[in-house]
Amino acid sequence: MAAVDTIAAGEPAAGPAQGRPRRGAGRRDGFTPWRWLILVLAGVYFLIPLYAALRFAGWGSFGSVIHQSGFTDALGLSVRLAVITTVITLALMLPTAVYVHLRLPRLRRLLEGITILPIVIPPVVLIVGLLQVAPGFLKGTSYLLALEYVVLAMPFAYRSIDAGLRSFDLKTLVEASNSLGAGWSSTLRRVVLPNLTTALLSATVLTVALVLGEYTMASLDLYQTFPVWIVVFDQTSGPISVAASLLALFVTWLFLLAITMLGGRQARRTGGGEVALFSVARRDTGRTS
Amino acid sequence: MDELVAAEAPEFLSDSGAPGGPGAAVAAARGLRRMAGVVPFGVYMALGLGAPLVAVAIGAFQSPNGGFTLSNVRIATHGEYLHGFAQSIELSVVAAVLPGILGLLIAYSIWTARRGSILRQVAVTASGVFANFGGVPLAFLFIATLGSSGLATRWLTDLGFNPYQHGFSLYSLSGVIVVYMYFQIPLMVLVILPALEGLRPAWREAAANMGARTWQYWRYVGGPVLMPSFLGCVLLLFGSSLSAYATAQAMDSGIALTPIQIGTFLNGNVVAGQQNVGKALGLGMVIIIAIAMGIYVVLQRRSARWLQ
C-alpha cells in the first residue's frame, strides 16, 4: 500500500500509464478537427524544408554521394565509434539499472537527476574540460571521443532501460528464478534480458543515432566523422553535401521505424512494452492501481 | 558524483538497518557493500562528466602561466561576451517556451491516436530523428526554404507577403528561433509523451461523471498533473538550445552566442593571454544551467504542494 501511495503521490506524471482502457471504451472525445489542424500544420513545418532541400540537391546527387572522396573513411569512423559507444553504454548501464531497481530503489530519483545532466550541460563546455584533463595516451585517439559519447548517450540509454524495467515485475521474476535454483548470470540471461529486448533495442538505436549525428565534440576534437565530413565536403559540392545529409536522415528514420514495428510485434507476443523512444510504456494488462 | 552517492547512503542505511538489530558498524558495512553495484557508473560519470567540469571551473580562474586570476571572469562578463550571454539566454528562453507549448499540443494530438497506429509510429520515430538533427544539414534546409531566395520565401512573395520586407531575416534572432524549433519541437514531443501516458483515463471519466467540462478537467486535473513534467521538459529544451553549437555555427548569422565564442577559443583564435577566457565562458554557461535547474526545483515544489 505504501508503495502504491508513493507512486501515486510522488510521480503522478513520470510513470508509464497503468491500466489505460482500450481506445473507444472510455474515451469520449474522438479525433476532433483541431487535432488534425495541429498535425497538418506540424507536417507543413517539417516537410516543406525537406522538400526545398530535395529540390536543391536534385536527384542526381543522391547516386553520387558514396563515390565522393572521404565518404567511406568518415562513415567508417562514425560506425566504429557508434559500435564502441553502444557496447560500453549497454555494459555500463544495464547492470547499473537492474541493480538499482532490485537493491537500491531509493537511488532511482538520484540517478534520474544525474541522467538530466549530460542533456543540459553544453557539449562545447564538456569538450573544453575533457581535452584539459584527458590522459595523454587517450588524447590522440578517437577512443576518447567514444568514451565521452557514452556520457552523452547515458540519459537515453538509462531512461529506455529504466522504463523497460518498470514495465514488468522484475523483483518477483528474479526471486522466482533464484528460488528455482538459477544463479545470477542465468537469471540475467534467461529472465531479465528477454523481457528487456525492446528497451535495449531502443537504447541501442538512440545511442547509434546520437553518435552518427554528433558534430560539436568531433569537430572540436578534430576528427572527421560523418557529420563533420558533410560540413567539410560542403566546400566542394553543396548539393551533394545536402543529399548526403538527407540520405542520413532518411536511413536513420527508416531504421527507427523498423525497430519500433519489430518492438511492437514482440510486445504483442510477450505482453511487454511499446517502444516510445524515451520510455517503454506499459501495455494494458488489466492491472488496476 | 561520488559525493552525491555517498551523501545518499546514510538516509538509505537508516531505512534498512533494523532497530536493535546488528550493530551500526555492521549495518554501515552492509550498506557500503550494497553501494558497490553503482560504483562503476559513479566512477565513469565522475571521470567523464565531473572531471571536465571541474577542469573548466579551475581553468576559469587561471592565468596562462597557471597563477590565480580574476581577469578571465572579468573579460567574460563584459563587452561582446556579456552580449553573447544575453543573446544566448534570450534565444534559449524563446526557443524553449514556444516549442514547449507547440510540442505539447502535437504530442497530445499524437497521444490521442490509437496506440500502434501508423500515424503514431511515424510521428514518434520521426521525432526521434528530427530531435537529433542539426548543424549544417539543418541550416541548409532552412536556407533553401526561408533564405532570401528560398522556396517558402518565393511562395510567400507570390502571395504578396515577402517576409524579408516585414523585418524577418533567417539570420536574425527570430530566424534562428524558427530553425531551432525544427529540433526543439520533436525533442519536446519525445520527452513529454511519457508524461501524457501518466494521465489516467479514469480521472477524466471521474471528472466527467461529476459534471466537469473539458476546460475544467484541464484546469483542475490534467493541467496540475502535467505541470511538473511540462516545466521539467521546458527546462530541458532551454538547456538544449543554450548548448546548441553545430546549428548556430552553421547558420553563421553573426549573432553573438556563447557556445560559438567558446568554440572560437578552442580553435585557437585567441588574443595572447586570454586562452582561459573560454573556460570562464563555459563556467558561466554551467552557472546559467544551474540557476535554471534551481528555478525548476522551486517551481516543481510549489506545483507539488498545489497538487496535494
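The table for this structure:
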| read-out | value |
| --- | --- |
| Scan of the range A:73-121 for residues that are more than 19 Å from A:L206 (Cα to Cα), without any contact (Cβ under 8 Å) to a residue 12 or more places away in the chain and not hydroxyl-bearing (S, T, Y), ordered by number | A:V100, A:R103, A:L104, A:P105, A:R106, A:L107, A:R109, A:L110, A:G113 |
| Residue list for the range A:121-145, restricted to those being of a type in the set (A, V, I, L, M, F, W, C), crowded, with 21+ Cβ neighbours inside 10 Å and assigned to a helix (DSSP H, G or I) | A:V124, A:V125, A:L126, A:I127, A:V128, A:L130, A:L145 |
| Neighbours by Cβ (under 6 Å, 6+ apart or cross-chain): first from the range B:198-223, surrounded by fewer than 16 Cβ atoms within 10 Å (Cβ to Cβ); second aliphatic (A, V, I, L, M) | B:W203/B:V221 |
| Any hit, the range A:78-92, residues being more than 30 Å from B:A152 (Cα to Cα) and at the interface with chain B (Cβ under 8 Å from one of its Cβ atoms) | yes |
| Enumeration of residues in the range B:275-291 that are in contact with a Ser or Thr (Cβ under 9 Å, 6 or more places away or on another chain) and either assigned to a helix (DSSP H, G or I) or of a type in the set (K, R) (or both) | B:V277, B:G278, B:A280, B:L281, B:G282, B:G284, B:M285, B:I288, B:I289 |
| Sole residue being buried (at least 21 other Cβ atoms within 10 Å of the Cβ), touching a helix residue (DSSP H, G or I) at 6+ places or on another chain (Cβ under 8 Å) and under 16 Å from A:L165 (Cβ atoms), chosen from A:T96, A:T85, A:T115 | A:T96 |
| Any hit, the range B:140-161, residues being under 21 Å from B:S241 (Cβ atoms), among the aromatic types (F, W, Y) and at pLDDT 85 or above | yes |
| Qualifying position, being surrounded by 20 or more Cβ atoms within 10 Å (Cβ to Cβ) and either touching a residue at least 60 places away in the same chain (Cβ under 8 Å) or not aliphatic (A, V, I, L, M) (or both), among B:I75, B:I106, B:I89 | B:I106 |
| Subset of the range B:250-262 that is in a helix (DSSP H, G or I) and crowded, with 23+ Cβ neighbours inside 10 Å - its residue that is farthest from the chain's Cα centre (by Cα) | B:M251 |
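The values are calculated or read from the model by the stated rules, or taken from the named source; none is laboratory data. What you are looking at is a predicted structure, and each value in this text was computed from that prediction instead of being measured. Quick reminder, even Gly has a Cβ in these numbers, built from the backbone with ideal geometry, and neighbours come from all protein chains shown.
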